[in-house]
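Report on the structure given below.
The values are calculated or read from the model by the stated rules, or taken from the named source; none is laboratory data. Small disclaimer: the values here were computed from a predicted structure and weren't measured. FYI the Cβ positions are ideal-geometry reconstructions off the backbone, even for glycines, and counts take in every protein chain you see. Note: accessible area is taken over every heavy atom of the protein model, side chains too, but ligands, DNA and RNA are not part of it. Shrake-Rupley method; radii C 1.70, N 1.55, O 1.52, S 1.80 Å.
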Amino acid sequence: MKIALGSDHAGFALKERIKKFLIEKGYEVLDFGTTSEESTHYPLFAQDVALAVQKGEADRGILVCGTGIGMSITANKFRGVRAALCCNEYMAKMSRLHNDANVLCLGDRVLGEDLALAIVETWINTPFEGGRHAKRVELIKNIESGCP
Ligand code: RB5
């Protein structure tokens with residue numbers, strides 16, 4: 001599985017930690033930055049990761065900012081992207097089982113490192129359940145295709 005990563009300055013430390021974690025687990029990582037704690041703008045990185053997922057250059061994406069909110073708002077503007085802001089393992093699990101989320105958003109200022117890595121691991125390893133949930137994801141796609 002190829003995973004695109006992105007963060008702003010507030011998410012940089014956690015993004016780096018997640019990158020190391022994923023590489024150690026054998027995943028291929030595409031790092032879209034940022035590259036330091038110098039102040040920058042989260043939409044730029046959300047856009048790069050969302051487009052990589054949309055185009056199929058990455059199977060999934062993980063975005064980190066201070067709260068995860070700005071990243072999720074931005075990533076969900078992109079057709080085909082289902083970005084889920086998760087604060088615990090239950091949300092991570094359900095975002096895969098029921099929503100087929102393809103981008104995970106995390107808040108570095110909200111989560112401890114161990115919890116964040118547990119969320120990532122759960123999210124990566126949980127499949128989409130399909131069935132009645134596939135119909136609902138289809139309905140989201142229908143809304144997207146009619147969007148102005
Ligand atoms: C940066 O200060 C902060 O606003 C940003 O990382 C994020 O939390 C926005 O949603």
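When the accessible area of the chain is split by element with a 1.4 Å probe, what percent falls to carbon and sulfur? Intermediate values should be presented prior to the final figure.
Numbers: 3880 of 7390 Å².
Ligands and nucleic acids excluded, carbon and sulfur give 53 percent.
The relative contact order of region 1-141 comes to 24 percent, based on Cα pairs under 8 Å that sit 6 or more residues apart.
For region 32-80, applying the loop criterion from DSSP together with a ceiling of 14 other beta carbons within 10 Å to the trypsin sites (Lys or Arg not before Pro) yields Lys55, Lys77, Arg79. In the chain, the longest principal axis of the Cα atoms and the axis of helix 113-125 are about 30 degrees apart.
Against the chain, whose longest principal axis is taken from its Cα atoms, helix 12-24 shows a tilt of about 70°. Accessible surface calculations at 1.4 Å, restricted to protein heavy atoms, place the chain at 50 Å² per residue.
Using unit Cβ charges (K, R positive; D, E negative) and no other charged atoms, how large, in debye to the nearest 20, is the dipole of the chain about its Cα centre?
Working: 18 positive and 19 negative charges, 126 e Å.
For this selection, approximately 600 debye.
Scanning the chain for GluC sites (Glu not before Pro) in DSSP loops with at most 16 neighbouring Cβ atoms within 10 Å leaves 58-128 as the longest stretch between them.
Distance between the C-alpha centres of region 11-34 and region 45-80: 15 Å, rounded to the whole angstrom.
Hey, what number do you get for the chain at 222 nm if only DSSP H runs of n ≥ 4 count, each worth -39500 (n - 2.57), divided across all residues, to the nearest 500?
-14500 deg cm²/dmol
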